[in-house]
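The values are calculated or read from the model by the stated rules, or taken from the named source; none is laboratory data. Computed from a predicted model, the values in this text were never measured in an experiment. Please note: Cβ atoms are built from the backbone with ideal geometry, for glycine as well, and neighbour counts cover all protein chains shown. For the accessible areas, the whole protein counts, side chains as well, though only heavy atoms, and no ligand, DNA or RNA atoms are used. Shrake-Rupley method; radii C 1.70, N 1.55, O 1.52, S 1.80 Å.
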Amino acid sequence: QVQLVESGGGLVQAGGSLRLSCAASGGTFSTYAMGWFRQAPGKQREFAAGISWSGGSTNYADSVKGRFTISRDNFKRTVYLQMNSLKPEDTAAYYCAAKKWGAGTPADEYNNWGQGTQVTVSS
């Protein structure tokens with residue numbers, strides 16, 4: 001089991017950028033696929049981006065494709081979400097999640113979750 005702690009959220013103007021980080025402790029980080037999910041008020045949680053355990057495959061929701069980039073640093077046991085060209089509709093709580101030997105897709109059954117970090121994009 002890995003424990004996950006997100007950071008990097010905040011308030012940003014539309015068109016701006018933020019980089020979220022998710023630090024993992026416990027477990028063997030390099031064997032886990034990592035995903036970023038988000039949940040806006042009154043909406044269901046949705047998949048934003050994922051990266052396979054090997055780092056060789058990434059997946060993105062259509063709504064963030066071309067603007068967000070997920071990456072991982074196994075030495076630092078951290079996964080990142082670089083968010084550019086932010087829009088007000090990106091406002092949400094962002095959560096990272098882990099799935100052992102996963103592919104980093106929305107279909108993975110992620111069973112380790114962080115507490116979330118809030119991203120607010122003003123218009």
Report task. Hey, could you get me the Stokes-Einstein D for the stretch 24-66, Kirkwood radius over alpha-carbon pairs, 25 °C and 0.890 mPa s, rounded to whole µm² s⁻¹? Result -> 210
Report task. Please work out the ratio of the alpha-carbon Rg of the stretch 80-123 to 2.2 N^0.38 Å and round it to two decimals. Result -> 1.37
Requested in this report: Compute, for Lys65, the solvent-accessible surface of its heavy atoms (probe 1.4 Å) with the complete set of protein chains present, and express it in square angstrom to the nearest 10.
Outcome: 120
Query raised in the report: Which chymotrypsin sites (Phe, Trp or Tyr not before Pro) from the stretch 1-108 combine a DSSP loop assignment with at most 15 other Cβ atoms within 10 Å?
Result: Phe75, Trp101
Query raised in the report: Which value in nm describes the separation of the simple spin-label points at Lys43 and Ser57, placed 7 Å from the Cα toward the beta carbon?
Result: 2.6
Query raised in the report: What's log10 of I(q)/I(0) for the stretch 1-76 at q = 0.25, 0.26, 0.27 Å⁻¹, Debye sum over Cα points only, no solvent?
Result: -1.40, -1.45, -1.48
Query raised in the report: Points 7 angstrom from Cα along the Cβ direction at Val5 and Phe75: gap in nanometres?
Result: 2.2
Report summary line: Once the mean of 1/r over all distinct C-alpha pairs in the stretch 4-47 is inverted, the Kirkwood radius in Å reads 12.9
Query raised in the report: Computed from the mean reciprocal separation of all distinct C-alpha pairs, what Kirkwood hydrodynamic radius does the stretch 24-123 have, in Å?
Result: 13.5
